[in-house]
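J.: This is the structure I have questions about; it appears just below.
What follows is calculated from the coordinates using simple rules that are stated; it is not laboratory data. Note that this is a predicted model, so its numbers are computed, not measured. No Cβ is skipped: glycine too gets one built from the backbone with ideal geometry, and neighbour counts run over all protein chains shown.
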Amino acid sequence: MSREPGVRPLPFSTGGWRRRSHSEKKVPVELDCSKHSLQDCTASVQSVQPIALKHVVVVWLSKNCIVLIYFSVSLALLVLLVYLSFFAASMDDGSQPDFLSCRSWGFGTSCGLWGVDCRPFESEWIAFRCPTHQSSSMAVFGSSPYRADSRICRAAAHAGVVGPNGGCAFYRFAGAADAYYPSTANMVTTKKFLSWFPKTIEFKEASSTYCSDLSWWILSVGFITTAGFGLLPRARLDVMFYLLVAWGFFYTRLVGQPSSQDYAGISINSFGEVMFLLAASSLAYRLAVSDTFCRWKSLTLKRRFIMWTLCYVVPYHVMINMNLIGYIPWLNVDLGGYEELHANAGTYVVFTLVGIGAVFLASQLFRSMYLGGKWRVFVVMYMTVFAPVLLSWALFPSTSFHLHHTMLGALIIPVTSFPTPAAAFSQAAAIGLFVQGYARWGWHSYLDTIPTYLTIAVPEKAPNTTNVTSSWVRVVWEPLESVQAYSLQLNRVEVYRGVDTSAVISNLKPNMTYFIAQLHSSAVALDMQTRSYRVGHAHFNRAQVVGVLVKRNNSHLKLDDGTGLLDVKLVTSLNGFNQKELHLGALVECVGSIDELQPSSDMTRSRRWMNATHFHEVHDRNVETLRMLEVMHLYQNDYAVPHSSPPTQLELLAFPPIHESSAGRSAVSGSESNSTTVQQHAIGHQASKPAAAATLIEKPWEQQNVGVPGLDAAIPPADYQFALPERDHQLIEQGSKSLEIRLNDAPYSIIHVNDRITINGKTLTTVVAIRKYASLQSVLEAENVNALLPQSSFVGAGTFNAAAAAERHYRQFFSAEEEEHYGLIVFQLSVTSSGPKSQEEWSALVLRQLEAKRDAGCSIADLRFAFPSLPVDQITEILTNLQFDALVICMNDKYRLV
């Protein structure tokens, strides 16, 4: 139909509507209701708006149907791949496998004395699943069995139970072994270790479904999807950009660099955090992206492919996958945990090409800024940004400046607002840096607190071995200055902790080579949670602090000690110095103890407090900002974990063979005959007969304090477990047996008064007294024999046969040589009242436990150990009720207070 100048047809020509000019108002022509019924007029008016909306929706869908179908199919495919890769794995028996990381192992550097924190050394078969991306640097020792400190997933690949794309299988811990032989299988080469280790791993194949890691498929589909948007004529640029950012965020969180294997928890948190990223990306789009693609609609298909796919999607995906550099040893530069750089000629070629490319892109950007006349604007903008950064750094000079790669990407984005391929390439790389950094590490401050530490040189000489016999050896090392504790390792298993410069290692096998190494606690740092200084994991409250005075009054000083502000309460002034003589800005030295306010709160938890007994002004500006003044004397076998400083040079020990004519060692020989068991190698104290019930000690929770003479009352009680024969257990519950005797050696020697010992996982007792003796005869003379010996082990405790009965009974657990060397320790136990408690009382106890573990949280296993008499189903019910009351939340299988 013809069009009149200045007049356009309305969408509908029926129902009383007519043509109008642009100058006319948008009003309908009134209907003549005299010629129609009232119902007809009302229906005609009401049908106009739905018809118009429906027409608009139909028109929009018809124009964008290809884009919608492409997006829907791609999203559905990605969701399906993620579900099958991370959520659908199951074994044929219906159980869910444990998802392990590439670095998971069964015996690490924090297993404690004789590996007590890495028990059990034997276990049932456990279903597990391994991811793809197995680095070639992960060490594996042995060939079925494997040493327990091998990386489990890489050892499983060597055993052939999982493939290159991951998979599911079963593993178990199988006790000790005396040799681990190398081999090459499935492109994995293992290392040899021809000596004893207390814990091994075995594997077996398993039937499973959806256990293959589909990470490479997810990456391929995501890349093709984002690149394909650039070839769709109707795709909007802003939508393409936001989809690219969101895809990179979820890919990094779930596939590229997941922070844990709790994929459900990661997904839930990601849906909220991606909103902040999209808000920041909206600013980046307005500042730079819209200018870079200002000619997008006029570009040809070939030009779109170059600008979007090659210059944008490709560099973006390279940056969000930059963690893969850690899997290429000759390209890795302090990434992925490599101890040394495996550089070769290819390393320098690659980094030279990357450097040339970066210089070329920078020159192109500077050229565009100069020709466009924007360089002055950018100079002013960056000066405005850098000025407050430098000012804040000047206000906190003790911190270090750390430009995170997330911030680097954010700084590069504004200068890429030019419609050139070089600007698009640089912009995509910067956005990839920003998205990858935010998704993996979050947004942190550019000012880092410098960790305070004191490094002591590692001893140059290896420890010496003396008095070598067929089953034990004495190791001696030179004392070091300013060292608080020593640690001795045998085959990478810690066998001694303490302040002495010698140790005796027993229960060794003849004709076997052992490796020994000496470590020492060589770092001093401030634990922000406990407000105490620590050497390794041992805490010491007595300290000397040097800092700049920033505020003072009659009883308090406020110092900046280089790690933050410290509030100093002046308890007394024994040196006669008057704090009024101090001027702001003076360097002040305080001596006292670091304390934490009780009860702590969100406001006070981040502050540090010190009760000072001495203080004076320091005129030497070269004094350390923070150092140890005094370290309390440690028990000979304390529980201080050594710092991970490099060990001394390993020394081989070859023990001579035992002779059949050896006499006088029947007890030791009996121990050696059963030395293949894990108990004897791990504890080194008990030489139990097969029919005897050995007493085990376990420490599920990490010990955070050490024995300090005179301060036992201030040490929080620790928790231990004893496994006793059932008849002894009943006697303890009845109160007729209240004494337990052990060797005065670790781990028993680290138990303090007020510590709690759970008998057979049921009866909770408290250590009310500890007494040490040189021999068993001294124990029988000083202690109440009726409270010490089981009644079923002897007849007539008050007769002359009591000593002989005790000798026969306790020789099952320790030999005469061990008794002479270590001595004995007697624990006096008090059974904790176990009267019935109501549900409300149990809830209050659980809530109190969660309050004590506010920072770390508690799992159900932790609460089960804290309350042995409380069933698991009742614990679960209590936690559910606390969650309903909005008092407790569950994150990563840990329950925490809100």
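J.: For residue 500 and residue 98, compute 0.36 nm times the residue count separating them, minus their Cα-Cα distance, and round to one decimal in nm.
T.: Full-extension gain reported as 140.5 nm.
J.: Over the C-alpha atoms of region 215-447, what are the Rg and the largest Cα-to-Cα span, Dmax, in Å?
T.: 18.6, 56
J.: Can you give the alpha-carbon Rg of region 98-209 over 2.2 N^0.38 Å, where N counts its residues? Can you show the working numbers first?
T.: Values: Rg = 13.0 Å, N = 112, 2.2 N^0.38 = 13.2 Å.
Relative to the 2.2 N^0.38 Å estimate, region 98-209 comes out at 0.98.
J.: Expected output is a single nm value to one decimal: the length gained when fully extending between residue 376 and residue 178, i.e. 0.36 nm times separation in residues minus the C-alpha distance. What is it? Present the calculation step by step, with values, prior to reporting the outcome.
T.: Values: separation 198, 0.36 × 198 = 71.28 nm, distance 7.21 nm.
Gain on stretching residue 376 to residue 178: 64.1 nm.
J.: At R0 = 45 Å, how high is the FRET efficiency between residue 271 and residue 754 if r is their beta carbon distance? Nearest 0.05 is fine.
T.: Result of the calculation: an efficiency of 0.45.
J.: Give me the distance in nm between label points sitting 7 Å out from Cα along the Cα-to-Cβ direction at residue 816 and residue 726, one decimal.
T.: 3.6 nm
J.: Which order do the peptides 877-887, 213-223 come out in when sorted by mean C-beta neighbours inside 10 angstrom, highest first? Walk me through the intermediate numbers first.
T.: Numbers: 877-887: 14.4, 213-223: 18.2.
Result, highest mean Cβ count within 10 Å first: 213-223, 877-887.
J.: Compute the label zone of residue 69 within region 237-262: residues whose backbone N is under 14 Å from the point 7 Å along Cα-to-Cβ.
T.: Answer for this model: none.
J.: Short version: what are the Cα gyration tensor semi-axes of region 839-897, square root of 5 times each eigenvalue, largest first, in whole Å? If you can, show how the numbers build up before the last one.
T.: Details: eigenvalues 44, 33, 23 Å².
Taking √(5λ) for each Cα gyration eigenvalue gives 15, 13, 11 Å.
J.: Residue 300 versus residue 90, label points 7 Å from Cα toward the beta carbon: distance in nm?
T.: 5.5 nm
J.: Using 0.36 nm per residue of separation minus the Cα-Cα distance, give me the extension gain between residue 838 and residue 581 in nm, one decimal. Before the final figure, lay out each step's value.
T.: Values: separation 257, 0.36 × 257 = 92.52 nm, distance 6.02 nm.
Separation in residues times 0.36 nm, less the Cα-Cα distance, equals 86.5 nm.
J.: Describe numerically, in nm with one decimal, the distance between label points set 7 Å from Cα along Cα→Cβ at residue 279 and at residue 859.
T.: Going from the residue 279 label point to the residue 859 one covers 3.5 nm.
J.: Cβ neighbours within 10 Å, averaged per peptide: list 194-200, 56-62 in order, most packed at the top. Please report the intermediate quantities before stating the final value.
T.: Working: 194-200: 22.3, 56-62: 10.0.
My ranking of the peptides, most packed first, is 194-200, 56-62.
J.: Given a Förster distance of 56 angstrom, what is the FRET efficiency for residue 784 paired with residue 408, based on the Cβ-Cβ distance and rounded to 0.05? Intermediate results must be reported in sequence, preceding the final value.
T.: On the way: r = 72 Å, r/R0 = 1.29.
E between residue 784 and residue 408, to the nearest 0.05, is 0.20.
J.: Same structure, new question: Taking a 26 Å limit on the Cα-Cα distance, which of the listed pairs 762/894; 199/737; 192/509; 762/837; 509/762 fall beyond it?
T.: Values: 762/894 24 Å; 199/737 35 Å; 192/509 19 Å; 762/837 16 Å; 509/762 37 Å.
Cα-Cα > 26 Å for 199/737; 509/762; rest within.
J.: Which semi-axis lengths, in whole Å and largest first, follow from the square roots of five times the eigenvalues of the Cα gyration tensor of region 170-223? Walk me through the numbers before you get to the answer.
T.: Working: eigenvalues 225, 52, 18 Å².
Semi-axes (√(5λ), whole Å): 34, 16, 9.
J.: What does the highest-first list of 405-417, 295-307 look like by mean Cβ count within 10 Å?
T.: Numbers: 405-417: 20.0, 295-307: 13.0.
The densest-packed peptide leads the list: 405-417, 295-307.
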